[in-house]
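One structure is given below, encoded as C-alpha cells.
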Amino acid sequence: MKRRDTFPTNRQFPTLLIGKLLIVALALLIVTWLGFSAALTMHSTGTIATRHSPTPPEDTINFANIEETPVPGATEIKVTLADFTIKSTVTVFHTGVPYYFVVTNRGHQVHEFMIMPVKLDGSPEPADVQYNDKLIEIEQVAPGSTLYINFMFLPSKAGRYEIACLMRGHYQAGMKLPIVVMR
Ligand SMILES: [Cu+2]
C-alpha cells in the first residue's frame, strides 16, 4: 500500500519539472524579445530615450515606395491587393519575359506583395521554404499606394507559386493567388 501511495507523487514530479522549465523558457523568450525590440527601436530611431513603447509608432513603419519605369518591351501585370484578396490580370507567366508589375493596395490595411513557391499539388510549403525560395517580397505596401516593379523569371525558376501576403492572419483570410511560371 505504501508504494501505491507514493506512486502518484513520482509521476507528478516530471510533469511539475517540465511545467517549471516551460515557465523559465517563456520568461527567457519574453526578455529576449523585449531586448530585441529595444535594439530595433534604437537602430531605427537612433535614440533610446524617447522610445519606450514596444509597439512601433506609425512613423517608424517602412513603407515600400518602388517606382521603377518599365524596361522596353515589358508586359504590364496589374496586381490588386485588398482586405483580404489578391487579384492579378495574369496568372500564367513565362521565364525570360520581362514583366512590369503594377501593384496597388486598394485595402484599408497595410499589405505585402510576395511571390513564394507552393508544392506541386498547390499546398503551402513549410515557412522556411517559403522564405528561402521566395522570388519577391515587398513588405509594407501602404493602403492606397501603388508600386511599379520590373521582374523577370529565370528559366531555373519555372514552377508553381503564389502571390501572397503573409502579414498576420492575411494569408489564412484569403490573400493568396496561385500562379504558374512556365519555361
Ligand atoms: Cu495583407
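The values are calculated or read from the model by the stated rules, or taken from the named source; none is laboratory data. Keep in mind that this is a model prediction, so the values were computed, not measured. All Cβ positions, even for glycine, are placed from backbone atoms using ideal geometry, and neighbour counts span all protein chains on display. All accessible areas refer to the heavy atoms of the entire protein, side chains included, with ligands and DNA or RNA removed. Shrake-Rupley method; radii C 1.70, N 1.55, O 1.52, S 1.80 Å.
Sparsely packed loop sites in the range 96-141 (the trypsin sites (Lys or Arg not before Pro) outside DSSP H, G, I, E and B with at most 12 other Cβ atoms within 10 Å) comprise Lys119. Within 15 Å, Cβ to Cβ, of Gly96, how many net charges do the neighbouring residues add up to if Lys/Arg are +1 and Asp/Glu are -1? For residues surrounding Gly96, the net value is +2. Divided by 2.2 N^0.38 Å, where N counts the residues, the Cα radius of gyration of the range 54-183 comes to 1.04.
Once the other residues with Cβ under 9 Å from the Cβ of Lys119 are scored (Lys, Arg +1; Asp, Glu -1), what is the net sum? After counting each charged neighbour, the total is -1. Using the Karplus relation 6.51 cos²θ - 1.76 cosθ + 1.60 with θ = phi - 60°, the per-residue 3J(HN,Hα) values for the range 99-111 come to 10, 10, 7, 10, 10, 10, 9, 9, x, 9, 10, 6, 10 Hz, with x marking Gly and Pro.
Percent antiparallel among DSSP beta bridges with both residues in the range 68-183, to the nearest 5? That works out to approximately 70 percent antiparallel.
Heavy atoms only, probe 1.4 Å: what % of the accessible area of the range 117-167 goes to carbon and sulfur, would you let me know? In the range 117-167, the share of accessible area belonging to carbon and sulfur is 53 percent.
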